[in-house]
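Presented below is the structure to which this report refers.
None of the figures in this text is laboratory data; all of them are computed from the coordinates on show. Since this is a predicted model, take the numbers as computed values, not measurements. Please note: Cβ atoms are built from the backbone with ideal geometry, for glycine as well, and neighbour counts cover all protein chains shown.
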Ligand code: GCV
């Protein structure tokens, strides 16, 4: 059985002529050939000609393109093959959306790096994977087949230019893709992705040289260690010249790192960066560094502070080929968190943002949760690092624009696996599509992106567009309403991170506590508490310091408050919790009804798949509502002021 090919269905019509009239076009180039093939097979050109020109305006840079309608058809111009292929995919999209009449599009991607991170293990499992198994690995070997090619094409069509293929938790020798025996297949995969303008990256085990008896250490200041990496990278790049570089999770959740040798994160990252520099490789160094052996009785340590505390003072110490990869929030991909205070506060350091579309904490691709509105909020967030009134958004920080940095970008932990539809839940594909589009052009709105995806996936039926758009746009707020309230996060079953368990992490070592008693809930993170609020730039620090100026949706993240505290909404904390949980469930009922109304308008298989998941989501949202509301009712014995049933 062939898997569904998502939004870029192959067209049977074809038939247009595609010619290159520009002598400078290297027609032999694999990339151009790909672009040509894409156009021929994907859109009915009906005799229109497409002219590819490599003499685009300089301002298009390496990846931009200009696309215009001409009397004979279309012209795509760019300064590079990569630009041409983006132009070709853009033309496919515009044609499918019926936007080609007055076509004139000039686009330069806003983020230098637009990446997906796979958490795939070489045994074929995927950490936090909810769409089947890995399609990159099976039984400790690399798989390359038709599906791999389709994936490269899919990602290129969305403008991705980087991919990390293996889990950041690189455990055991079998997982070492940098081993000699793996390199020929890595090279094949890398060449395949490179033909679509996507550079391959590998996750590294920082402690790899420890296993070499002649080195026996991973101390970044030990010359033998540095020499080991240099030799290793020489070997790797000899075999895989197109490799983009490496992603490193160090000193985090049991992974080794420079701290074991009394060195800091810059010393660790720079040692690798220097070893890979002559190959023009990048070291992408994660800031997800925190103490995961915390004693829950310890009231001083605050996990939210960790990344800032470990990295902030190292600004200016990282080499130019190091990029710090920072999770969007200070904790871990919760449905709502403040933006990480590191963004914008390290002007002399390359930064990129890490999102997660895998929905680990947002329904695991069994619940619909269209995350693009959330990502938009994060990217548009003003870090206030230039002071009040001078915009300094996260989006301008990570694109490198704000501090004129050459490297930076945006990545997401992916939601793809070997399920027939790639993403498990059909509607989760909107997150993959949306993330790619947003990474290319963060100015697009979540709604625009949703509309594009719906039309490319389900066609132009107005009712389908309207209902699916409503479902998608309601889904993230709904998920927030029926799960953990007011920025508190977690309340999930430990390990699986799925389903309600209000005290699941309360007495654990992971540093994610809500500290609910019968009187109050939340963590005091202002100056009188852990001081986290004060880590933000001036105006934000003052805003988060006091509950009166903290937005409701984050209030329990920053403050410990009594249940009868009155929010900006006019409701008490406890009444907000009750109301939002009831509302969340009725939102899901509405989403399910909107989908059911599409029977007959959507292909029956797709209709059934989504219906089954929405039916399940309705039940599971009820479970969330009742467990959370009852938990608070039992703690507080405060009744719902609307008299609804609590258990
Ligand atoms: C890959 C969370 C997840 C882990 C993940 C980790 C990370 O803790 O639960 O599965 O590990 O984040 O981002 O490194």
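Which ordering of 144, 178 is given by a fewest-first count of other beta-carbon atoms within 10 Å?
Fewest to most other Cβ atoms nearby, the residues stand as 144, 178.
Under the rule a/c < 1.5 gives rounded, and otherwise a/b versus b/c splits prolate from oblate, where does the range 208-331 land using the Cα gyration tensor?
prolate
Please work out how much length the chain gains when fully extended from residue 141 to residue 493, using 0.36 nm per residue of separation minus the C-alpha to C-alpha distance, in nm with one decimal.
Here the answer is 123.5 nm.
Which order do peptides 91-104, 419-432 fall in by mean Cβ count within 10 Å, highest first?
419-432, 91-104
For residue 518 and residue 125 in one chain, what is 0.36 nm times their gap in residues minus the Cα-Cα distance, to one decimal in nm?
Taking 0.36 nm per residue and subtracting the Cα distance, the gain is 137.3 nm.
In what sequence, highest mean first, do 125-138, 606-619 appear when ranked by Cβ atoms within 10 angstrom?
125-138, 606-619
Determine the relative contact order of the range 192-309: mean sequence separation of Cα pairs under 8 Å and six or more apart, normalised by residue count, in whole percent.
26 percent
Quick check: pseudo-label points 7 Å beyond the Cα along Cα→Cβ at residue 253 and residue 280, how many nm apart are they?
3.3 nm
Counting other beta carbons within 10 Å of each residue's own, what order do 156, 411, 79 fall into, fewest first?
Exposure proxy ranking, most exposed first: 79, 156, 411.
Take every DSSP beta bridge whose two residues both sit in the chain, then give the antiparallel share in percent to the nearest 5.
Counting only bridges with both partners in the chain, antiparallel ones make up about 30 percent.
From Cα pairs below 8 angstrom and at least 6 apart in sequence, can you work out the relative contact order of the chain, rounded to a whole percent?
Taking the mean separation of contacting Cα pairs over the length of the chain, I get 11 percent.
From the mean inverse distance of alpha carbon pairs (Kirkwood) and the Cα radius of gyration, derive Rg over Rh for the range 489-647.
1.05
Neighbour counts of other C-beta atoms within 10 Å: give me 106, 75 arranged from fewest to most.
Fewest to most other Cβ atoms nearby, the residues stand as 106, 75.
On a C-alpha basis, how far is the centre of the range 560-610 from the centre of the range 48-84 in Å? Whole number, if you could?
45 Å
Mind ranking 146-152, 475-481 by how tightly packed they are, going by the mean number of other C-beta atoms within 10 angstrom, highest first?
Put in order of decreasing packing, that is 475-481, 146-152.
Using only alpha carbon pairs under 8 Å that are at least six residues apart, calculate the relative contact order of the range 443-574 and give it in whole percent.
Averaging sequence separation for qualifying contacts and normalising by length gives 16 percent for the range 443-574.
Two decimals is fine: what is log10 I(q)/I(0) at q = 0.16, 0.17 Å⁻¹ for the range 455-519, from a Debye sum with one equal scatterer on every Cα and no solvent?
Here log10 of I(q) over I(0) equals -0.65, -0.69.
Taking every pair of alpha-carbon atoms in the chain, what share in percent sits in each 10 Å bin, from 0 to the bin with the longest distance?
Going from the shortest bin to the longest, the percentages are 3, 15, 25, 27, 19, 9, 2, 0.
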